[in-house]
Each structure stands twice: as C-alpha cells, then as structure tokens.
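A.B. asks: Sending over a structure as structure tokens; questions will come in a sec.
What follows is calculated from the coordinates using simple rules that are stated; it is not laboratory data. In this text the structure is predicted, and so the values were computed from the model without any measurement. Glycine also receives a Cβ, built like all others from the backbone with ideal geometry; neighbour counts cover every protein chain displayed.
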Amino acid sequence: MRYASRVQQIAGKASTAWDMHMVANQKRARGEPAILMTVGDTDFASPTPAIAAVHESLARGRTYYTPSAGGLPMREAIARRHAHQTGQRTDADQVVVTVGAQNALLTAALCLIEPGDQVLVPEPMYLTYPGTIAAAGGVTVSVRSPANNRFHPLINELEAAIGPRTRAIFLATPNNPTGAVYTMEELSGIAALCQKYDLWLVSDEVYGDLVYDGRHVSPCTLPGMSARTITINSLSKSHAMAGWRLGWMIGPPELAQCAGQLAYCSTYGIPTFLQDAAVVALDHFPDGLPELQAAYRRRRDRFCERLEAVHLLSCRRPEGGMFVMLDTRASGLSAYDFAMGLVVEEGVATLPADDFGESATGYLRINLGVPDTEIDEAALRLVRYAERLGRHRAAS
Ligand SMILES: Cc1ncc(COP(=O)(O)O)c(C=O)c1O
C-alpha cells in the first residue's frame, strides 16, 4: 500500500537516545535499582484542586461538546493568566485551546507555512520541531547556539540564515534541552529580524514559569511583536499536568480564527471536564506550582554542586527549565557511549543530547523531575563512574 510522502518527511532521523531508557527499564524489571532521568516527566503530582475539579465536573455531567477552539471559560482563564504575566491586554478571541503545547506547535506550523517555506530554529532544539515543521511542508533551518555562548542564540547568524523563503522563527525560552533563558537583548534582536524580514515568531514558553537565573521575557510584549507572535504554552511543565494534554496558543484574533478552523477538523475540541479543571488550575496557580519551582532549583544546585568537583565532567547550571546539561567531552567518549556505560554500570539513565542539535554534541541532558533522594544517588553514581573512567584513562 502507498502512504503520503509527508509521513516519511516527519519521521526524522532514527534516535538512539531512548536506548538508555530501555536499558534502565530492563534493569528495573529484573529488580535492580535504576534511576530514570531521560524523559521530561516529573515526580510531582498534579494539583489537588484540579483533580477535585475533574470529579466535580464529571459528576455535574459536563461531558458534552464545547467549541473546537475551546470553551469560553477556559479561553478566558488563559487570557487572564497571559494578561497577568505579560501585562498585555488579552482577549479570549486571541486564544485557541490545544492538545498540549505540541498540538499548538503543529497548528501554528499548519497556519503559517506553505510547502517549501523555511523556518529558522536556534539549535539545540526540542526534538519534535523538525517533524512538526515538515508536517506542514516546511523546511527547518537550524542555527547554532554554541555551548561557549551558554547555548544562547547568535542574532547575526540567525540573520545570515534568512532567505526569500523564510517565513517564521520558532524558539523555546527557557530552552529544552539547554535551559537557556533568552535575554531581553537577544529577544529584541530576534524581534527586529522578524520586523525587518516580515517573519512570524512562534514562541514556545512551556518552561516560562521555571526560571532560576535571569527573567522570562515573553516576546509578544516587545514593541510591534504582538501582531506577529504566537505564544505557545501548556499546563504540562508548570503545573505537573503533562498527561492531561492541556495547552494553548495566543496570537492575533485572525490567527486564532485560522487555528480554530484547524481544531474544527482535527481535535474537534478537548474534553469539557478537563477544561473545567484547567480553569481551576490556572486561577489557583497563575504562575505555576511554587513547590515544583523550588524543588527544581534546589535539585539543580545540589546536583551540579556535587559534579562540579569531578575532573572529567563539566556541569552547566540551567538558567531555567527542568534539565541539566552535562559536558562529557573530556572523557574522550561520545555522549552515547558515556551514557550507555553509565546506565549499564551504574543504572542511571540519561539522554545523549546530540540529537537536539550539533551545538549539544558531547552533552547529556539530565531531567530534574525525580525525587531529591534520586538526585543525590544519581550524582553519587555519576561521580563514581566518571572517577572510574578517569582511572582507566590514566592507566592506559
Ligand atoms: C520545548 C517544549 N515544547 C513543547 C513540549 C510539549 O509540551 P506538551 O506536553 O504541552 O505538549 C515540550 C515537552 O517536553 C517541550 O520541551
């Protein structure tokens, strides 16, 4: 049978990153202790008021259809929260509810990109971006954000990559995997490019409430940018509600109309009782869960402190987000081999970050969404493993 070529285009290169995850799971199945720091999930429970709201909503029989773009109460709650965080007037008709931020990314791509259009993305980038852009017929043009620039974008290189088919810039601040929180100066530079070359900016802000150094800036607040920015967010990271699949996009009303039209022929809306819970979560915790933010900051500091003394490793304290980037290049191993040895010998599963982009070659991405006890134990095992590698190297 034949399949549309689109499916081939979105498949992306085969990722080996999940090999570590599988090894750790096999270890667990054999009853051996393993610590999984690969997937961007969290040990935090979803907020109790949101869980109670689902029960209540179901008990009230709230199981019927809502408008495809989202019911008015949820769109109003999102607009309220956005206005609270950005200081910008935001109306419900600028908001479209989506199935997590991922569905918002795809919806944005489908609304903006014609086949053959190019989208600039600073790399390292979240792994779904190239497939998402390709699903809309677009071509991802990645632009490096080098490690020696703290994985921050280089505005002159972004500008040099702009061509006649460039249609948009996609970015995530704070970034996954690097944790870079883009500065006002960098975002102003990107905003200037968008205006000079008439580009859209798709701003993925799912980690916007998880900032430890610096300040999160929503690019839609920069002069002239609200008309050409799509702000994407969700409850997945900030509210520990990843499995609920509650996300949204905010942009000019005409964009929201286009996105609503897509929702009409794709998701046809999201469950009414989950929308009710989203309103409760957003109104109770407009800036995310404070205990989750405090825990990630504490874990980041504890983990990196322990690894800072290790000769072969260099730990990069993330400015935001939920991942530590660990530079393993001095070990002489590829990130894959380092990570494979670590999981086989010490049962700690991490993600080689090379797949996120060339600038991340030789780095591991390590998830902070595991309990403090596991953070401490993982640091201990990593130190032991790296010291063993160091002794082997010295002996050979
Ligand atoms: C940068 C980034 N954007 C989007 C997503 C997808 O988020 P959601 O669970 O809301 O679809 C993730 C998930 O890890 C992410 O890291």
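A.B. asks: Looking at segment 81-121 only, could you name the residues that are among the polar types (S, T, N, Q) and in a helix (DSSP H, G or I)?
C.D. replies: Passing the criteria: Gln85, Thr86, Gln94, Gln102, Asn103, Thr107.
A.B. asks: Of the residues that make up segment 116-123, is at least one surrounded by fewer than 19 Cβ atoms within 10 Å (Cβ to Cβ), closer than 17 Å to Gly321 by Cβ and within 12 Å of the ligand (Cβ to nearest atom)?
C.D. replies: Within segment 116-123, none of the residues are surrounded by fewer than 19 Cβ atoms within 10 Å (Cβ to Cβ), closer than 17 Å to Gly321 by Cβ and within 12 Å of the ligand (Cβ to nearest atom).
A.B. asks: Follow-up. In segment 122-143, what residues are more than 10 Å from Ile10 (Cβ to Cβ) and outside any strand (DSSP E or B)?
C.D. replies: Once the filter is applied, which keeps residues that are more than 10 Å from Ile10 (Cβ to Cβ) and outside any strand (DSSP E or B), segment 122-143 yields Pro124, Met125, Tyr126, Leu127, Tyr129, Gly137, Gly138.
A.B. asks: Identify, from the list Leu222, Leu255, the residue that is touching a residue at least 60 places away in the same chain (Cβ under 8 Å) and away from the ligand (no atom under 14 Å from the Cβ).
C.D. replies: Leu255
A.B. asks: Identify, please: which residue in segment 25-42 is under 22 Å from Pro174 (Cα atoms) and hydrophobic (A, V, I, L, M, F, W, C) and is, among those, surrounded by the most Cβ atoms within 10 Å (Cβ to Cβ)?
C.D. replies: Met37
A.B. asks: Can you tell me how many residues within segment 329-350 are of a type in the set (A, V, I, L, M, F, W, C), surrounded by fewer than 24 Cβ atoms within 10 Å (Cβ to Cβ) and farther than 22 Å from Glu305 by Cβ?
C.D. replies: The total comes to 3.
A.B. asks: While we're looking at this one, here's another question. From the set of residues in segment 230-245 that are in contact with an Asp or Glu (Cβ under 7 Å, 6 or more places away or on another chain) and closer than 23 Å to Gly260 by Cα, which is farthest from the ligand (Cβ to nearest atom)?
C.D. replies: Here the answer is Thr231.
A.B. asks: Do we find a residue being within 21 Å of the chain's Cα centre (by Cα), part of a loop (DSSP other than H, G, I, E, B), more than 28 Å from Leu246 (Cα to Cα) and among the charged types (D, E, K, R) anywhere in segment 180-187?
C.D. replies: Within segment 180-187 (the criterion being within 21 Å of the chain's Cα centre (by Cα), part of a loop (DSSP other than H, G, I, E, B), more than 28 Å from Leu246 (Cα to Cα) and among the charged types (D, E, K, R)), the answer is no, since none of the residues qualifies.
A.B. asks: Where in segment 218-330 are there helices (runs of 4 or more DSSP H), lying wholly inside it, with at least 3 residues that are charged (D, E, K, R)?
C.D. replies: The qualifying helices (runs of 4 or more DSSP H) are 290-308.
A.B. asks: Only one of Leu246, Leu326, Leu292 is buried (at least 19 other Cβ atoms within 10 Å of the Cβ), within 29 Å of Ala92 (Cα to Cα) and in contact with a Phe, Trp or Tyr (Cβ under 8 Å, 6 or more places away or on another chain). Can you tell me which?
C.D. replies: Of the residues listed, the single one that is buried (at least 19 other Cβ atoms within 10 Å of the Cβ), within 29 Å of Ala92 (Cα to Cα) and in contact with a Phe, Trp or Tyr (Cβ under 8 Å, 6 or more places away or on another chain) is Leu292.
A.B. asks: Considering only segment 222-229, I want to know if a residue exists there that is polar (S, T, N, Q) and under 23 Å from Phe356 (Cα atoms).
C.D. replies: no
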